[in-house]
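Report on the following structure.
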Amino acid sequence: MNKDDRERIIAPEHTLRADKYPLEDYSAIGRRGVRRKDGYEKATGYAVYTTDVQLPGQLMLRILTCPYPHARIKSMDTSKAAALPGVRALLRYDDPELPERADVSGHFGGGTEGHEPVLNRVGYWQGMPMAVAVAADTEDIANEALGLVEIDWEERPFNLDQEEALKPGAPLSNPESFPDGNFVIPAQQREAKVVWGNPDEGFKEADRIIEWRMRKDKENWVGPERPNGLFRWNGEYPEVWLKHQRPHLSKRQIARFFKIPVSQVTVHCLYQGGTFGGWSQMALNMQPNMIAGILSKRTGKPVKWQFTRREDFCGAGMDNARYQVKVGFKNDGVITAVAATSCFARKGFAHLGHFVENTRVHHLLQESNGAVLNIMPGSAFRCEQNMNALCLGAVLNRVAEALEMDPTEVALKNDGVEGRPMADLADLKRAHGFGGDRDSLKECIEVGKKAIEWGGKWHLPGTKRLPNGKLHGMGFTFTHEWSDSSGSGALGMRIERDDGSARILAQRCDNGCAAETAYCQIAADELGFRYEDVHYRQFEEAGFTTMTPDSSTNLTVNGYAIRNAARQLRQKILEIATTPRIPERPDMGYYPPFPDYKPEDLDIKDGVVYVKKDPSKRMTMAELVRPAFFMGKMDIGSTEPLFAWGWQNQQGAFMGTPGPRPIFVRQAHFVEVEVDPETGDIEVTKVVNANDVGKAVNPEGVEGQQYGGSVMGISRARAEDTIYCPATGVVLNGNLIDYKINTMLDCGPIDTIIIETGMGYGPYGSVGIGEDVATVLPSAYYAAVHNAIGAWVDMPTTPDRVLKALGRL
């Protein structure tokens with residue numbers, strides 16, 4: 001095998017360039033109508049979720065939740081709770097077995113909030129699990145026991161608003177962890193201010209300058225399957241059932257906490273009833289599992305826990321923020337400078353990063369000011385890019401309004417990479433291995449405009465009333481497709497010796513986006529198998545762990561790992577088919593069926609190995625491997641299984657931070673609305689998504705992300721907000737009746753359009769899509785409402801806010 005062939009089979013570490021060795025032909029990849037690997041189980045109700053698991057003799061765990069937004073326990077009497085019949089164990093915050101501080105995050109180290117006591121004596125938000133936990137025969141008994149706990153509380157002053165919390169004299173929201181004040185900055189930034197270029201010069205170049213304030217309020221990550229888990233000790237070996245996106249990180253945290261080797265821990269990660277980040281990235285997400293483990297060890301029984309629906313309202317996204325924005329631009333729509341200050345609640349992210357990554361705007365000033373508050377913690381929920389996407393969409397639409405221009409034209413004029421216009425980037429594209437003549441944003445905009453009939457429907461803001469009396473609006477936004485966060489994945493692949501089918505081996509979380517199906521499509525084409533003969537059951541440990549469902553990087557990381565494994569395994573098949581395993585003793589072991597040929601003389605298609613020059617000489621995979629099985633051999637050659645493994649270490653950086661990752665693929669979104677000026681109600685009459693995913697490995701999977709992302713994005717922008725009582729700090733709508741979540745019935749028709757330029761950094765030129773539609777679409781909706789009524793309405797655009805903007809309240 002020459003060097004080029006070896007590199008083609010075992011690709012080197014990804015360096016953010018175009019795929020050097022894509023397939024020449026595709027069969028399973030890109031094919032429509034492929035049956036999902038999880039489809040039958042989920043459609044028929046046979047799918048097993050963590051909440052379904054019941055073990056004989058299991059106990060139910062309940063944890064006290066803080067009734068106040070900020071309070072400390074002065075004293076606590078648990079004697080009555082411990083004496084209640086049916087209570088088997090009780091754990092207090094002052095238990096000597098508990099470390100003073102522990103990483104209970106299941107994340108990459110947890111951060112300040114992640115290194116809290118397992119059971120805290122202080123509550124920092126209403127609903128926070130804390131202080132005492134009870135394991136009992138039934139959930140009702142455990143709840144009754146918690147009601148018997150007598151607590152003397154010290155109520156503390158609290159903060160619910162980030163701007164108020166940053167004023168001089170504001171009370172401390174968390175004096176134990178933040179004794180010097182409430183100010184914080186985004187975790188990925190070292191300084192509050194980040195500057196690109198020379199903003200002062202950029203504003204001097206401008207023909208016009210505009211400024212405004214805007215805000216986005218706090219949606220919640222509540223999902224269908226409530227957080228839950230189950231912990232059992234088998235002697236000194238813990239066994240855990242998790243609802244979690246990161247089973248391998250959870251396994252690591254369990255081993256660290258109980259001071260045992262990671263290899264002693266067994267983790268099961270079953271089907272997930274909705275997981276979009278959120279809880280899996282919350283600082284305390286492993287807390288109940290650690291408590292269950294302690295009480296399981298003390299009682300010798302399995303311990304299960306599950307949040308109530310109210311307890312599931314325990315966190316928000318990362319875009320609860322207010323902004324002050326200043327933009328300079330030329331009269332032709334070219335933006336010369338942007339300066340924006342954010343004030344976010346608890347946890348935020350960069351907000352001008354998308355200008356760096358996909359515009360020609362060279363002069364930027366980003367200032368990020370956050371405040372520790374006594375509200376639910378924030379975390380990445382269907383993405384951390386909400387603030388970036390909102391600011392980009394708001395700026396281009398505000399500039400378009402000021403110039404009375406079509407916002408799609410403003411977008412095209414400002415498209416680019418790291419301060420350079422897209423028209424000048426042909427050489428940069430070629431330097432990264434792509435063709436230089438395709439313009440992703442232009443293609444996305446053209447097909448999107450056609451689908452929504454933009455040319456005949458778009459109008460200046462507040463200028464079109466429909467015959468039904470409603471105000472008509474059209475909105476647009478764009479940004480890039482992303483998948484360049486760093487990450488790694490590894491997996492194995494083996495051929496079953498009885499029938500020649502292939503099996504992928506690795507544990508990962510199911511989050512419903514058909515990833516397992518896409519992985520099997522890649523493996524099938526790379527092996528030369530039928531899709532139906534490749535399978536992947538990801539629930540149990542198999543010695544390998546894939547990249548977790550984060551940052552839209554699953555396909556770009558795991559896709560390469562699968563491809564690497566499949567190409568190595570395919571080469572092994574061809575070698576075994578032509579080469580005796582023990583050359584000096586061909587009478588021993590398995591004898592190859594094609595002894596007169598070299599591996600490069602053969603090919604595999606639809607699971608059939610054949611001679612390229614004479615396809616009549618052929619053999620199915622079952623015929624190839626079955627003789628070894630019937631000979632009683634462990635595997636082909638008796639000493640070497642027909643197995644390979646692949647890995648991928650992805651270079652990259654979180655969006656908005658420096659890194660060698662010019663992004664050339666784009667997405668464009670369009671929303672049409674009708675606004676009732678009498679009631680303030682907004683009807684979404686059409687949504688169009690145009691996403692350049694580079695290469696659609698599973699087109700229906702891509703469309704599913706577009707469709708589901710549209711519903712979630714509209715819901716975030718129109719309805720979702722967690723309401724706190726300003727006097728008590730208590731959440732007023734912590735249920736699925738008062739917390740409004742839109743459904744598919746609230747969005748009108750949704751058109752999902754796939755563009756494939758091949759300019760992604762993943763295998764075959766692919767790029768991720770899992771997070772972006774739900775993250776980006778709110779900006780298009782925001783613009784559509786403005787286009788309808790001629791006034792800007794902060795999100796969520798509830799009827800009272802609309803009527804106030806119309807001057808009717």
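What the table below lists for this structure:
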item: From ILE210, ILE151, residue being over 30 Å from ALA400 (Cα atoms), at pLDDT 95 or above and out of contact with any Gly (no Cβ under 8 Å at 6 or more places or on another chain); result: ILE151
item: Elements of type helices (runs of 4 or more DSSP H) contained in region 422-486, each with 3 or more residues being out of contact with any Asp or Glu (no Cβ under 7 Å at 6 or more places or on another chain) and without any contact (Cβ under 8 Å) to a residue 12 or more places away in the chain; result: 426-431
item: Selection count, region 283-324, where residues are of a type in the set (A, V, I, L, M), in a strand (DSSP E or B) and farther than 30 Å from LEU364 by Cα; result: 1
item: Output for region 169-222, where each listed residue is without any contact (Cβ under 8 Å) to a residue 24 or more places away in the chain and under 31 Å from the mean Cα position of the chain (by Cα); result: ARG190, GLU191
item: Residue check, ALA400 in the same structural domain as MET474 (by TED's automatic domain parsing), among the aliphatic types (A, V, I, L, M) and either under 25 Å from the mean Cα position of the chain (by Cα) or closer than 24 Å to GLY770 by Cβ (or both); result: no
item: Enumeration of residues in region 748-788 that are in a helix (DSSP H, G or I) and among the hydroxyl-bearing types (Ser, Thr, Tyr); result: TYR764, THR775, SER779, TYR781, TYR782
item: Among the candidates SER250, SER263, residue that is open to solvent by less than 20 Å² (accessible area, probe 1.4 Å), of a type in the set (Gly, Ala, Ser) and not in a loop (DSSP other than H, G, I, E, B); result: SER250
item: Any pair with Cβ under 7 angstrom, 6 or more apart, that starts in region 595-620 at a residue that is farther than 14 Å from THR578 by Cβ and ends at one that is open to solvent by 80 Å² or more (accessible area, probe 1.4 Å); result: ASP606/ARG530; GLY607/ARG530; VAL608/ARG618
item: Of the criteria (1) polar (S, T, N, Q); (2) modelled with pLDDT under 95; (3) touching a helix residue (DSSP H, G or I) at 6+ places or on another chain (Cβ under 6 Å), which one THR359 fails; result: (2)
item: Residue among THR743, THR775 that alone is hydroxyl-bearing (Ser, Thr, Tyr) and surrounded by fewer than 24 Cβ atoms within 10 Å (Cβ to Cβ); result: THR743
item: Meets criteria (surrounded by 15 or more Cβ atoms within 10 Å (Cβ to Cβ), in the same structural domain as PHE329 (by TED's automatic domain parsing) and not small (Gly, Ala, Ser)) for LYS450; result: no
item: Any hit, region 377-391, residues being outside the structural domain of ASN285 (by TED's automatic domain parsing) and over 30 Å from GLN188 (Cα atoms); result: no
item: Selection count, region 325-344, where residues are open to solvent by less than 10 Å² (accessible area, probe 1.4 Å) and in a loop (DSSP other than H, G, I, E, B); result: 1
item: Region 130-160, residues that are closer than 25 Å to ASN374 by Cα and either open to solvent by less than 10 Å² (accessible area, probe 1.4 Å) or in a loop (DSSP other than H, G, I, E, B) (or both); result: MET130, ALA131, VAL132, ALA133, VAL149, ARG156, PRO157, PHE158, ASN159, LEU160
item: Boolean, TRP241 is open to solvent by 20 Å² or more (accessible area, probe 1.4 Å), in contact with a Ser or Thr (Cβ under 6 Å, 6 or more places away or on another chain) and at pLDDT 95 or above; result: yes
item: Given (1) in contact (Cβ under 8 Å) with a residue 60 or more places away in the chain; (2) open to solvent by less than 10 Å² (accessible area, probe 1.4 Å), index of the condition GLY416 fails; result: (1)
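Yes or no, residue by residue, for (1) over 30 Å from ALA394 (Cβ atoms); (2) open to solvent by 30 Å² or more (accessible area, probe 1.4 Å):
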position	(1), (2)
MET474	no, no
GLY489	yes, no
CYS513	no, yes
ALA524	yes, no
ASP533	yes, yes
ARG537	yes, yes
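So that you can scan it fast, the table gives a plain yes or no per residue for (1) closer than 16 Å to THR553 by Cβ; (2) at pLDDT 95 or above; (3) basic (Lys, Arg); (4) open to solvent by 20 Å² or more (accessible area, probe 1.4 Å):
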{"position": "LEU732", "(1), (2), (3), (4)": "no, yes, no, yes"}
{"position": "ASP738", "(1), (2), (3), (4)": "no, yes, no, yes"}
{"position": "CYS747", "(1), (2), (3), (4)": "no, no, no, no"}
{"position": "VAL767", "(1), (2), (3), (4)": "yes, no, no, no"}
{"position": "GLY770", "(1), (2), (3), (4)": "yes, no, no, yes"}
{"position": "ALA784", "(1), (2), (3), (4)": "no, yes, no, no"}
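The values are calculated or read from the model by the stated rules, or taken from the named source; none is laboratory data. Note that the structure is predicted; figures quoted are calculated from it, not measured. Here the Cβ is made from the backbone with ideal geometry for all residues, glycine too, and neighbour counts use every protein chain on show. Protein only, heavy atoms only, side chains kept; ligands, DNA and RNA dropped before computing areas. Shrake-Rupley method; radii C 1.70, N 1.55, O 1.52, S 1.80 Å.
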